[in-house]
1. Which of the residues spanning the range 1-11 are among the aliphatic types (A, V, I, L, M), in a loop (DSSP other than H, G, I, E, B) and either open to solvent by 30 Å² or more (accessible area, probe 1.4 Å) or in contact (Cβ under 8 Å) with a residue 60 or more places away in the chain (or both)?
2. How many residues does the range 17-28 hold that are open to solvent by 100 Å² or more (accessible area, probe 1.4 Å) and closer than 19 Å to Leu4 by Cβ?
3. Within the range 38-53, restricting attention to residues that are surrounded by 11 or more Cβ atoms within 10 Å (Cβ to Cβ) and of a type in the set (A, V, I, L, M), which residue is farthest from Asn3 (Cα to Cα)?
4. Of these, Glu31, Glu35, Glu56, which one is modelled with pLDDT of 90 or more, within 21 Å of Asn3 (Cβ to Cβ) and buried (at least 16 other Cβ atoms within 10 Å of the Cβ)?
Amino acid sequence: MVNLGEYVVDTISGFAGVVTARTEYLHGNIELCVEACELDSGKPIAKVWLDEQRCEVKPRPRQREVGLL
């Protein structure tokens, strides 16, 4: 189970970020809202909803490694 605030990487697309929301459906999958830690031309990258099974928890990279400094 992935918890809110954890840093995850999508095993299919490679998209990475912090989990900010979680949706559980009665008869279906669990989806996670992942927000990137990077900026694109000074603006935040859009949030992405991913199936929990596609996400792998990783250690959070240092800020310099994700381009914030």
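The values are calculated or read from the model by the stated rules, or taken from the named source; none is laboratory data. Quantities reported herein were computed from a predicted structural model and do not represent experimental measurements. Reconstructed Cβ throughout: ideal geometry from the backbone, glycine too, with neighbour counts over all protein chains shown. Heads up: the accessible areas ignore ligands, DNA and RNA and are worked out on the full protein's heavy atoms, side chains in. Shrake-Rupley method; radii C 1.70, N 1.55, O 1.52, S 1.80 Å.
1. Here is the first cut: in the range 1-11, the ones among the aliphatic types (A, V, I, L, M) are 1-2, 4, 8-9.
Filter once more, keeping what is in a loop (DSSP other than H, G, I, E, B): 1-2, 4.
If the condition is that a residue be among the aliphatic types (A, V, I, L, M), in a loop (DSSP other than H, G, I, E, B) and either open to solvent by 30 Å² or more (accessible area, probe 1.4 Å) or in contact (Cβ under 8 Å) with a residue 60 or more places away in the chain (or both), then Met1, Leu4 are the ones that fit.
2. Step one: of the range 17-28, the residues open to solvent by 100 Å² or more (accessible area, probe 1.4 Å) are 24-27.
If we keep only those that are closer than 19 Å to Leu4 by Cβ as well, we get 24-25.
Residues that pass the stated criteria total 2.
3. Ranking the candidates gives Leu39 first.
4. Details: Glu35 fails: buried (at least 16 other Cβ atoms within 10 Å of the Cβ); Glu56 fails: buried (at least 16 other Cβ atoms within 10 Å of the Cβ).
Going through Glu31, Glu35, Glu56 in turn, just one is modelled with pLDDT of 90 or more, within 21 Å of Asn3 (Cβ to Cβ) and buried (at least 16 other Cβ atoms within 10 Å of the Cβ): Glu31.
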